[in-house]
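Notes follow the structure.
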Amino acid sequence: MKKSKFSKIKIQQVDPGQLSEKMLLVNLYLTQGLTLIIGLIILLFQKRNPFTLLQFPEQIHFLGWAFGLAGIMFLADLLISRLVPEDAMDDGGINELLFKARPIWHIAVISIVVAICEELLFRGAIQHGLGPYWTSILFAVIHIRYLRHWIPTGWVFVSSYGLGYIYLQSGTLWAPIVCHFLIDFISGLVIRFRRES
């Protein structure tokens, strides 16, 4: 009997220095595609329509929730970065590798893809079944690169809970999507231009 090629696959931790930018981008887009597919499957089992969930609201009051939470999170992040040593917030260099040489338009594309895919899965599908608390724990665990340090892990949990809260308060998935986009986009720009200067 012939052995499968899959038996030769080994999963191991990769140092960001071993990753090329192209490999990182392929990995990012593949994982986001998988996130989207899982979200759609969960919604299918919940008998919920993703098009209804992503319907743009008639009123734009949700932008207040999105911009408000994003502003609070940036102020808190600024405070944390002043009080906590940089190595305690280290993500293994992934964000720097991802954004440091990326054109602005591509930072925007990455940010919107991540925001839509992750919010559809976590706030749109999982939170519907588990609520914001357990969804936020799962969201923190999924962001595995932060798990080596408790401060960024806690920060991802709090951020996720905030996204779940504004989803419930605004009544539209677009509030956490816009907030998530703003956080990723502005953080990407900070990394891009901080490294450039």
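Observations on the structure shown:
- The stretch 69-81: number of residues that are within 23 Å of W174 (Cα to Cα) and either surrounded by 14 or more Cβ atoms within 10 Å (Cβ to Cβ) or within 16 Å of the chain's Cα centre (by Cα) (or both): 6
- Consider the stretch 82-99 and keep the residues that are in a helix (DSSP H, G or I) and open to solvent by less than 40 Å² (accessible area, probe 1.4 Å). The one that is modelled with the highest pLDDT is F99.
- Candidates F181, F193, F185, filtered to the one that is over 12 Å from the mean Cα position of the chain (by Cα) and either at pLDDT 85 or above or β-branched (V, I, T) (or both): F193
- Pairs linking a residue in the stretch 30-47 that is surrounded by 12 or more Cβ atoms within 10 Å (Cβ to Cβ) to a residue that is in a loop (DSSP other than H, G, I, E, B) and not hydroxyl-bearing (S, T, Y), with Cβ atoms under 8 Å and 6 or more positions apart or on different chains, are L43/N49.
The values are calculated or read from the model by the stated rules, or taken from the named source; none is laboratory data. Note that the structure is predicted; figures quoted are calculated from it, not measured. Please note: Cβ atoms are built from the backbone with ideal geometry, for glycine as well, and neighbour counts cover all protein chains shown. These accessible areas exclude ligands, DNA and RNA; they are computed on the full protein's heavy atoms, side chains included. Shrake-Rupley method; radii C 1.70, N 1.55, O 1.52, S 1.80 Å.
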